[in-house]
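First comes the structure, then the notes that go with it.
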Amino acid sequence: MKRFSKEILILVFILGFLSLVAFSPDQVLAVNAKLDLSKLSDMSDFDPDNPVIPTGDTIKIAVVAPYSGPAAIVGQCYYISVLWAAHDMNKRGGIMVDGKKQLIEVIKADHMYKPDMCKKICERMVLQEKVNVLWGTSGSNLMKIINEVSKKYNVITMDACALSDELYDATNFSRYSFMTCWTTEQVGQALAYYYGQMRKKEKKFYILCQDYMFGHNMAGGFKRGLKKYYPEAEIVGEDYHKLFLTDFAPYLTKIKASGAEVVYTGDWIPDAANLLKQARQMGMSLPFAHIYLDDPNTLHEVGVEGSEGLVHCTWYGSENPTFKTEAYKEFYRKWHNQWKNVWKAPYNTRLFEHPMGSLGSYIEQTYWLFSVIERAASLDPEKIIKVWEGDTYQYGNGKIQKMRACDHKTIQDLHIYEYVPPEEQKLSFNMPPYYWYKGCSFDGPSFTIPAAKILVALSIGDLE
């Protein structure tokens, strides 16, 4: 990026902004490509504990994630998602690249949630394993390292789950890396829009996030969103805690004394689980506005009443009802049947029961990657970049995403779900048994936040 003049970057910014104003996914009639779930393979042999991994001349995808330590469950979520999409494509014969069909090989790359290990494992994947794509990861600080490796060795990288906007600003941008997930700015603005323009009830908010790049960016996005969409709202407290905290009591005590009506958090498991459970144990019934307090194991521990009223902003939602086509219903059944009848620990827990929420997003983001490679008909990074920049892709659930060419961020609608008891979940779960879970509250009414309301500006930094 620094090889460009500041004037050129300003022009790119203006063009990018104009394209943002003109674009909203729900207004797009034509897409470049879409996931056709009617072509989904017979997945009855899919087992993440006994994966079929091709070797030899393959398309190599390194899933960079924590597979050990306190956040190992996060890596398991990523791995099964990528593995599912790869298994499906392999059963179809693979992808035609550079004149020949190649199968997809999924490789675990354990960064252990340690920066030094992240750099080491990524360089090993690139230099020794010769991977074609780095797929990552939890922790914006670690995704930044992956992007640096991407930039150094000219390897395509997909950011499926690190949300910090600054990862793709003028300073950190890598033209080889694509942010297919949502961003902290989009999340903050979406929840502020929901509370200020839709719900119009609670006005006092307490921010509690993890103390690193992602947590601070999550807080910043929400505060800016409130100024824009809910200026009469009040931030009555703001705190940041270390990762993998086991005792939230000091923070929860402050929240109780603050007069807050809603707690806004970006915490992910295990922190999100500990936060919610301890809040309910302390008798705090306040709703949480969140993105990752959707682990059904945790929700069952706090029960129907303890989870009712939570407000979930999601990157894999839709207007109700959820299942709008027979192909999407069949996709769901194939996953759920494997979960119920085949998978063993850890994949047989409630966390993996439904291919929705974050799991659904990881799966479909991966299909987007495969679609780009297929349309590029090559593993040449330059050809992949050419296809992906400006690409518009439709998920199997109907969601449309557009890759902004100027900074490789995704433009998209987001959705808000209010958690309701089982008997009200049929609003979203419109097939037998007409509820997501019997033992906890979960997705009920849904609200669409249009992409036009959560536009993310392009930062051109201090380049000369």
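Brief remarks follow.
- The range 103-124, residues that are touching a residue at least 60 places away in the same chain (Cβ under 8 Å) and closer than 18 Å to ALA86 by Cβ: ILE104
- Within the range 275-292, considering residues that are among the hydrophobic types (A, V, I, L, M, F, W, C) and touching an Asp or Glu at 6+ places or on another chain (Cβ under 8 Å), the one surrounded by the most Cβ atoms within 10 Å (Cβ to Cβ): LEU275
- Tally of residues being under 26 Å from ILE291 (Cβ atoms), acidic (Asp, Glu) and touching a strand residue (DSSP E or B) at 6+ places or on another chain (Cβ under 9 Å) across the range 119-166: 2
- Reported count of residues in the range 303-323, each being of a type in the set (Gly, Ala, Ser), part of a loop (DSSP other than H, G, I, E, B) and surrounded by 21 or more Cβ atoms within 10 Å (Cβ to Cβ), is 1.
- Being β-branched (Val, Ile, Thr), under 30 Å from VAL131 (Cβ atoms) and over 19 Å from the mean Cα position of the chain (by Cα) is a description that does not apply to ILE400.
- In the range 271-294 there is at least one residue that is touching a Leu at 6+ places or on another chain (Cβ under 8 Å) and of a type in the set (D, E, K, R).
- Test: residue in the range 5-18 that is aliphatic (A, V, I, L, M) and modelled with pLDDT of 95 or more: no
- Qualifying residue in the range 356-369 (condition: closer than 16 Å to TYR435 by Cα and either among the basic types (Lys, Arg) or in contact (Cβ under 8 Å) with a residue 40 or more places away in the chain (or both)): yes
- Selection status of GLU166, part of a helix (DSSP H, G or I), closer than 30 Å to ILE255 by Cα and modelled with pLDDT of 95 or more: no
- Strands (runs of 3 or more DSSP E) contained entirely in the range 39-132, each with at least 2 residues that are small (Gly, Ala, Ser) and in the same structural domain as ILE156 (by TED's automatic domain parsing): 59-65
- Out of LEU379, LEU310, LEU369, sole residue that is closer than 24 Å to TYR417 by Cβ and among the aliphatic types (A, V, I, L, M): LEU310
- Qualifying residue in the range 383-395 (condition: closer than 19 Å to ILE80 by Cα and either surrounded by fewer than 23 Cβ atoms within 10 Å (Cβ to Cβ) or in contact with a Leu (Cβ under 7 Å, 6 or more places away or on another chain) (or both)): yes
- Meets criteria (in contact with a Gly (Cβ under 6 Å, 6 or more places away or on another chain), under 25 Å from VAL63 (Cα atoms) and not assigned by TED's automatic domain parsing to the domain that holds TRP368) for MET143: no
- Considering only residues in the range 400-423 that are in a loop (DSSP other than H, G, I, E, B) and of a type outside the set (Gly, Ala, Ser), the one that is surrounded by the most Cβ atoms within 10 Å (Cβ to Cβ) turns out to be GLN412.
- Here THR253 meets the list (1) exposed (fewer than 15 other Cβ atoms within 10 Å of the Cβ); (2) within 20 Å of the chain's Cα centre (by Cα) almost entirely, failing just condition (2).
- Positions within the range 196-213 being assigned to a helix (DSSP H, G or I) and within 21 Å of ALA272 (Cα to Cα), in sequence order: MET213
- Close Cβ contacts (under 8 Å, 6 or more residues apart or on different chains) running from residues in the range 81-92 that are free of Cβ contacts under 8 Å to residues at least 40 places away in the same chain to residues that are not in a helix (DSSP H, G or I) comprise LEU83/PHE46; LEU83/PRO48; LEU83/PRO51; LEU83/VAL106; ASN90/VAL52; ASN90/PRO54; ASN90/LEU103; ASN90/ILE104.
- In the set (1) in a helix (DSSP H, G or I); (2) assigned by TED's automatic domain parsing to the domain that holds GLN189; (3) over 23 Å from the mean Cα position of the chain (by Cα), SER285 fails one condition alone, (1).
- Qualifying residue in the range 231-252 (condition: polar (S, T, N, Q), assigned to a helix (DSSP H, G or I) and more than 30 Å from SER378 (Cα to Cα)): no
- Check on PHE214, buried (at least 18 other Cβ atoms within 10 Å of the Cβ) and at pLDDT 95 or above: no
The values are calculated or read from the model by the stated rules, or taken from the named source; none is laboratory data. Here the structure is a predicted model, which means the values were calculated and not measured. Because the Cβ atoms are built from the backbone with ideal geometry, glycine has one as well, and the counts that use them run over all protein chains shown.
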